[in-house]
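The values are calculated or read from the model by the stated rules, or taken from the named source; none is laboratory data. What you see is a predicted model; the values in this text were computed from it and never measured. So basically every Cβ, Gly included, is an ideal-geometry build from the backbone, and we count neighbours across all protein chains shown.
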């Protein structure tokens, strides 16, 4: 029995088999991945190895690195790891180094490195950029990557893969362990972490943990559900649940929803001081206050977004409430795991649907949770922007030799297949700016001398360090009180739309904008007025394929003669309405509806492929239908389906639909149908930043960098004109198709539709499935006009007087629903 | 397709090439060319391709050829930053000037046109400290220096947002208030500002080969 087991026994804690496995594997010098739900004892499973290790041989400077994806996690993680060490009587401490760490503290860490450090992928990259990095980081015994599933599939993950490959090259004996929630592809997740050439040990923890999912049914169910609601009408039910528990974690899907729920709960409970808000844009001190309150048991309710999805290891809460659909099974399991935090306990989750069809989504999620079907996360490959950044980092961090660096890249999943041409291009990009034959005059970044690539210019070095990382910090303004005190950051786009004197809600407060100066928005506490709530970009995940499949199964079950599944009883009137006026969707069929209204002729399709793939599908379908006969469509999509509206009805039949939905020629047609150039230009924003083509400026010194400010859009135009084969442009075009319309999912959807029955219905009114799309309409337009004609038409519309608002009684027949103005 | 306006009794054409033509004086006016900006970027390790300078100069050549202009008046910011001694883009400008020997050139010095004295001589450009007065028009870099007199300026890089439904475009713009016209930046490697302190009364945007009247910038009118 080892020291940790003895300790556990003394405390009366159980030791789990998977923890014992992990400690043994570590002791044998193995690397691997531990996957288990949050709070099942993963942390100790991974940290036990280093602890035992250090009992045998006292650690030197920087022996262990613990990498966490979220700064918000780092504080708690460090505290946890320290507690474990103290319990064993160890006399060394775990230090912290993240973006929140002060520069004085960083200098201290640099001067006398601690035995163990908790850090982020970005901070690791930064550490690699210092000239003595090989000496400092070459002595690492082990690296543990926490919440690896959060990083996998993103460029941050790729950046970390590169950093780890560097560390492996510095010390081939390095032990590498990952912690992950359970994914559909855990083996691949492990291989990506360890690199393609290494064997690893996969350890599964406590998989049988039970999760109990309840749905808070609203008092009244609309037959015409509308998306985009906050669900606040469910507040009474949520209050009841809050009162029944000592502590509750309430998750919303977006930060704006979190702000609204926080306000609402605080204004009705008798204990407003025990309600806390936690999301990624809030200032660190306020985040910490919320975390401390939870730890000390002072918090009755924490309203949070995905910033708390991860393992902030705070004491278990009694219950978790999820507002809105979780959109994926993995996310639901992860969130549920925050309650009944103790190993072996049941996790309880109360789901609050914000519209009627979410009841079905929740039922679908429960079905997949029971089957333990969980989404996979696909790792990215070949992102040249991240590789370019990493090469400059290594050139700064003591320099690199090309052959050694090439084999380091081969030792990653992301660049294992990198071909000679791309490798050559990368080297040219960082040394010459562009291809050798058209060298960029006067360009200097990385310089090759005697076969070693280095950065010698101090200003370039400083600019690079300032830009390390892959998360776009683009266009964020600091929010501060006029009298001092920082509240956090909000996207520039939102703040610049407000005028001084207008009110908005942020960080749980009603604020009045005073002025914006030097990238800082100065505010005072607001008194009254109608506030707006900032909407943060992103965050709207599409419905996962697993969830969508289970939804279709449930529809099919409702369509059979068998009694309606209990979970769907509440939806019976809605399903009945849908079946009566049209038909129910299902796994074996594609439902298509045609309806006419004063807006024009509507064509609805319900492939249930998620919002992103639907955007691609809508554009594709509109383009193919307009190819036969020129016309204009406006398009709207949601997670369930798409809508095309045209002035004249389109005479569709099965043959026409089959042709328009054929997977053949998909890529060519989708490129032609979308304004692909414009989308790629937008996509280029992040790529240009990561690759170092644009510089965001020195923090707090915006003005001095002005001479170097150029938008990525401008850079995109310049490159397209003067260096059209630039591989970063190619990357932008490829990324746009996958990231913005899930091209591979769209391809699978079309292939599936080929096998399906097409159920085409003419409807005399909007059906319950069609209504939410219609209410959300006019998202995009497809036309084949040229640029000038387009601007002229837009100007003509802008100059036309506004139409009077519509009368309130024009809702869909039979429904007492107001139409959106 | 250009648009005609009058300032202090003179007729001007607003050209889609981001310039103004004064037919009666055979003069071409443009502002904010920012030559050498790409070089400043490359110097700092940002990989902007070569060729930006050549393209910009060629745009001026085409415009001169098309209009038959005999005089070029630049309303400031001809260059982005003073050249480094080892850079050769200034001599590219010299070559271009030799090819346009008969084109007279005036530059109202802008805030970016610093430490250029020797080069201005080499390029045979006549410089003007804060204003150039021609036929009752005051030509300046920053509109404040026109002191309320009829004239033209640059500096603001004006742009305007055109939006309708889902679509949103940001286009270079000419702004007019009273008898003063602000020109869009001629250089294409420059940004656009859709919020300016200029008290715009009329606005035209450049869309492809046309100059079209547009709603005032900063006031968001939606269709």
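Yes/no per residue for (1) under 29 Å from the mean Cα position of the chain (by Cα); (2) surrounded by 23 or more Cβ atoms within 10 Å (Cβ to Cβ); (3) over 23 Å from residue A:746 (Cβ atoms):
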{"site": "A:569", "(1), (2), (3)": "no, no, yes"}
{"site": "A:580", "(1), (2), (3)": "no, no, yes"}
{"site": "A:619", "(1), (2), (3)": "yes, yes, no"}
{"site": "A:628", "(1), (2), (3)": "no, no, no"}
Original post:
Based on what the data block shows, is residue B:24 farther than 30 Å from residue A:726 by Cα, part of a helix (DSSP H, G or I), away from chain A (no Cβ under 14 Å) and touching a residue at least 12 places away in the same chain (Cβ under 8 Å)?
Top reply: yes
Original post:
Out of segment A:635-673, which residues are in a helix (DSSP H, G or I), modelled with pLDDT of 85 or more and farther than 30 Å from residue A:325 by Cα?
Top reply: A:654, A:655, A:656, A:657, A:658, A:659, A:660, A:666, A:667, A:668, A:669
**OP:** Please work out if residue B:1 is in contact with a strand residue (DSSP E or B) (Cβ under 6 Å, 6 or more places away or on another chain), within 14 Å of another protein chain (Cβ to nearest Cβ) and either surrounded by 16 or more Cβ atoms within 10 Å (Cβ to Cβ) or not in a strand (DSSP E or B) (or both).
**Re:** yes
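Yes/no per residue for (1) surrounded by fewer than 21 Cβ atoms within 10 Å (Cβ to Cβ); (2) in contact with a helix residue (DSSP H, G or I) (Cβ under 6 Å, 6 or more places away or on another chain); (3) over 13 Å from residue A:141 (Cβ atoms):
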position: A:17; (1), (2), (3): yes, no, yes
position: A:21; (1), (2), (3): yes, no, yes
position: A:56; (1), (2), (3): yes, no, no
position: A:63; (1), (2), (3): no, no, no
Original post:
Across segment A:109-122, what is the number of residues that are assigned to a helix (DSSP H, G or I) and crowded, with 24+ Cβ neighbours inside 10 Å?
Top reply: 1
**OP:** Identify all residues within segment A:730-743 that are touching a helix residue (DSSP H, G or I) at 6+ places or on another chain (Cβ under 6 Å) and either assigned to a helix (DSSP H, G or I) or within 14 Å of chain B (Cβ to nearest Cβ) (or both); write none if there are none.
**Re:** A:731, A:732, A:733, A:735, A:736, A:737, A:741, A:743
**OP:** Report whether or not residue A:105 is part of a helix (DSSP H, G or I), touching a helix residue (DSSP H, G or I) at 6+ places or on another chain (Cβ under 9 Å), free of Cβ contacts under 8 Å to residues at least 40 places away in the same chain and closer than 22 Å to residue A:469 by Cα.
**Re:** no
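Determine, yes or no, whether residue A:46 is touching a residue at least 24 places away in the same chain (Cβ under 8 Å) and within 31 Å of the chain's Cα centre (by Cα). Steps first, answer last, please.
On the way: touching a residue at least 24 places away in the same chain (Cβ under 8 Å): yes; within 31 Å of the chain's Cα centre (by Cα): yes.
It is true that residue A:46 is touching a residue at least 24 places away in the same chain (Cβ under 8 Å) and within 31 Å of the chain's Cα centre (by Cα).
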**OP:** Quick one: which residue in A:74, A:125, A:84, A:79 is assigned by TED's automatic domain parsing to the domain that holds residue A:196, free of Cβ contacts under 8 Å to residues at least 24 places away in the same chain and not in a loop (DSSP other than H, G, I, E, B)?
**Re:** A:79
Subject >> Residues that are free of Cβ contacts under 8 Å to residues at least 12 places away in the same chain and either buried (at least 16 other Cβ atoms within 10 Å of the Cβ) or closer than 14 Å to residue A:460 by Cβ (or both), drawn from segment A:389-409 >> reply: none
**OP:** Considering only segment A:411-499, give the strands (runs of 3 or more DSSP E) lying wholly within it that have at least 1 residues that are modelled with pLDDT of 85 or more, away from chain B (no Cβ under 11 Å) and touching a strand residue (DSSP E or B) at 6+ places or on another chain (Cβ under 7 Å).
**Re:** A:452-454, A:476-481
Subject >> Subset of segment A:713-729 (residues that are touching a residue at least 60 places away in the same chain (Cβ under 8 Å) and not in a loop (DSSP other than H, G, I, E, B)) >> reply: A:727, A:728
Original post:
If you scan segment A:242-260, which residues turn out to be surrounded by fewer than 18 Cβ atoms within 10 Å (Cβ to Cβ) and assigned to a helix (DSSP H, G or I)?
Top reply: A:243
**OP:** Please go through segment B:96-130 and pick out each residue that is out of contact with any strand residue (DSSP E or B) (no Cβ under 7 Å at 6 or more places or on another chain), farther than 16 Å from residue B:39 by Cβ and in a helix (DSSP H, G or I).
**Re:** B:97, B:98, B:99, B:117, B:118, B:121, B:122
Original post:
When the residues of segment B:27-38 are filtered to those that are within 14 Å of chain A (Cβ to nearest Cβ) and assigned to a loop (DSSP other than H, G, I, E, B), which remaining residue is modelled with the lowest pLDDT?
Top reply: B:36
Original post:
Considering only residues of segment B:57-79 that are in contact (Cβ under 8 Å) with a residue 60 or more places away in the chain and part of a loop (DSSP other than H, G, I, E, B), which is farthest from the other protein chains (Cβ to nearest Cβ)?
Top reply: B:75
Subject >> Failed item in (1) within 28 Å of residue A:664 (Cβ to Cβ); (2) within 12 Å of another protein chain (Cβ to nearest Cβ); (3) surrounded by fewer than 16 Cβ atoms within 10 Å (Cβ to Cβ); (4) at pLDDT 85 or above, with residue A:725 passing the rest >> reply: (1)
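One line per residue, one yes/no per condition, for (1) part of a helix (DSSP H, G or I); (2) more than 10 Å from every other protein chain (Cβ to nearest Cβ); (3) farther than 20 Å from residue B:157 by Cβ; (4) out of contact with any strand residue (DSSP E or B) (no Cβ under 9 Å at 6 or more places or on another chain):
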position: B:40; (1), (2), (3), (4): yes, no, no, yes
position: B:55; (1), (2), (3), (4): yes, no, no, yes
position: B:81; (1), (2), (3), (4): no, no, no, yes
position: B:86; (1), (2), (3), (4): no, no, yes, yes
position: B:93; (1), (2), (3), (4): yes, yes, yes, no
